[in-house]
Amino acid sequence: MQYISTRGGTLGQFSDVLLEGLAPNGGLAVPEHLPRLGADDLERLRVLTYPQLATEIIGLFATDIPRQDLARLTDAAYGDGKFAAEEVVPLTAIDDLTLVGLSEGPTLAFKDMAMQFLGQALEYVLENRDGVLNVVGATSGDTGSAAEHALRGLDRVSVFMLSPQGRMSAFQRAQMYSLQDENVHNIVVEGVFDDCQNLVKRLNTDLDFKRAHSIGAVNSINFGRISAQIVYYVWAWLRATDAIAEADRSSHHVSFAVPSGNFGNILSGHYARTMGVPIRRLVLATNENNVLDEFFRTGQYRPRTSADTLATSSPSMDVSRASNLERFVFDLLGRDPERTAAAWHELEERDEIDLSAELGRFEAEFGIVSGTSTHDDRLATIRDVHERTGVTIDPHTADGVKIAREQLEDGIPMLVLETAKPAKFADLIQEALGESPELDADTRALLDAPQRVVEMPDDEQQLRAYISERALHA
Ligand SMILES: *Cc1c(COP(=O)(O)O)cnc(C)c1O
């Protein structure tokens, strides 16, 4: 399978785009064509465990990795003990909806689903190429901890993660700072998240420094992550149809509701649907930062600046520039790289893209509908689900449930992706229910564990020196 840029040109195979997500022309890596899954293929996949299914699905994209090797990688990512639930991704019925549990991993949020695989795959590719990778990133919480838990203990990858002093919750601090692995470097910057991100950006514009120290990223545009996320859409459809008579299964459509920020999770759903998984609708839920809801309602894409991005109570969705949207627009524009490049040129010139001429196709052709959920909606939804079913959901999942209920259709099961565990957001749960979520023994131990960080002023020279000294070299 060859990969191409959404703005034109070829980029190599899966292993190549794993290390370099962004094409030199600014476009994103996408497969030259999407593989198809027919009804027979889906039935064949029904008997597999989650790691086995991951091997089959990711294997359609990673044709340059031998199957036995891929099976080892998916087993290391999703095998025994890595995820709290034995089935890795459990389905739980709540009333009129079904939750798809994507937060059973080590950091209790859905980013583990993709990141655990990506860590294993990176180590494998670097081993074959005798290379190393020093991941430098900035985090305000979830992404950083998922990356660190996926990369910890690897031999050929190290991670330098910048986080803002005093801005992270006790739980987030514990998840990151308690890691004692030698290849994990937590750098606490005297500043806010934007300061951390600016430091990373400045390092990344210095190509000599980047090359000399093999610096890279594992951000949400990485196609390895997108491919690993397709797996659970297939898994959820299979589990939702296990009880249905075999002859009727292939015509049994389900809808998915997806709490969204960078458009990574729902993009994987779009790919699963295009590949042939019987998905009726993809219901996109945003919080008050509703740039994507606006796009799917009007066809106008108007990203906002970080100054205009609100800090909400579903913080992992506080995104106003959806980095994966370009991949969807590429498909929308008939996979035409020239039209896609022109659209992003328009974005640079005018800070917006007008695709209102295509508006009628969003739902009719791609099944995408959307909605916005607010702080009050989150509180009411968490309370309502708790009262009716006894299940406590986290604020991001609550955004999904709120919009899912607006889009219910007779006879079509609605599956809501649960993107985090409530224990991560104790303050909001307290506000909604008047009681904090119960912490299990592991979580309590985590909060008490010793922490290891280095503190640093907002100073590029100090950061460079620190990384130069500790980066891995081939
Ligand atoms: C990252 C994240 C999201 C948003 O996912 P995207 O792929 O960025 O759209 C939603 N919920 C949680 C808990 C997350 O960590």
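The values are calculated or read from the model by the stated rules, or taken from the named source; none is laboratory data. Predicted, not measured: the structure shown is a model, and the values here were computed from it. Note that each Cβ is placed from the backbone with ideal geometry, even for glycine, and that neighbours are counted across all protein chains shown. SASA here: full protein model, heavy atoms, side chains in, ligands and nucleic acids out. Shrake-Rupley method; radii C 1.70, N 1.55, O 1.52, S 1.80 Å.
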- [ ] Evaluate the relative contact order of the chain (contact order divided by residue number), counting alpha-carbon pairs under 8 angstrom at least 6 apart; express in whole percent.
- [x] 19
TODO: With just the Cα atoms of the stretch 1-94, tell me how far they stretch along each of the three principal axes, in Å, largest first.
DONE: 43, 34, 30
Task: Test item: Cα-centred dipole of the chain, Lys/Arg +1 and Asp/Glu -1 on Cβ, debye - done: 600
- [ ] Compute the normalised compactness of the chain: alpha-carbon radius of gyration over 2.2 N^0.38 Å, N being the residue count.
- [x] 0.93
Task: the stretch 116-187: GluC sites (Glu not before Pro) in DSSP coil with no more than 14 other Cβ atoms inside 10 Å - done: Glu182
Task: Gyration tensor verdict on the stretch 403-474 (Cα atoms; rounded if a/c is under 1.5, prolate if a/b is larger than b/c, oblate otherwise) - done: prolate
Task: Helix-only CD estimate at 222 nm, as mean residue ellipticity for the chain, using -39500 (n - 2.57) per DSSP H run (n ≥ 4) - done: -13500 deg cm²/dmol
TODO: Work out, step by step, the length gained on full extension between Arg350 and Ala380: first 0.36 nm times the residue separation, then minus their alpha carbon distance; give nm to one decimal.
DONE: 7.0 nm
Open item on the list: Can you give me the accessible area per residue for the stretch 255-302, using a 1.4 Å probe, in Å²?
Closed with: 20
Task: Other-chain or far-sequence residues with amide H under 5 Å of Ala257's (modelled H) - done: Val283, Leu415, Val416, Leu417
- [ ] Sort the stretch 269-365 into rounded, prolate or oblate with this rule: let a ≥ b ≥ c be the square roots of the eigenvalues of the Cα gyration tensor; rounded if a/c is under 1.5, and if a/c is not under 1.5, prolate when a/b is larger than b/c, oblate otherwise.
- [x] oblate
Task: the stretch 249-382, accessible surface, carbon-and-sulfur percent (1.4 angstrom probe) - done: 45
Open item on the list: What number comes out for accessible area per residue over the stretch 119-210 if the probe is 1.4 Å? Units Å², please.
Closed with: 37
- [ ] Starting from the Kirkwood radius over alpha-carbon pairs of the stretch 324-400, derive D by Stokes-Einstein at 20 °C in a medium of 1.002 mPa s and give it in µm² s⁻¹.
- [x] 140
- [ ] Report the full-extension gain for the segment Arg36 to Arg302: residue separation times 0.36 nm, less the Cα-Cα distance, to one decimal in nm.
- [x] 92.5 nm
Task: Per residue accessible area of the stretch 1-80, 1.4 Å probe, in Å² - done: 43
Open item on the list: Which of rounded, prolate or oblate describes the stretch 64-153 when judged by the alpha-carbon gyration tensor and an a/c cut-off of 1.5?
Closed with: oblate
- [ ] Just the number, please: carbon plus sulfur as a percent of the accessible area of the stretch 37-152, 1.4 Å probe, no ligands or DNA/RNA counted.
- [x] 46
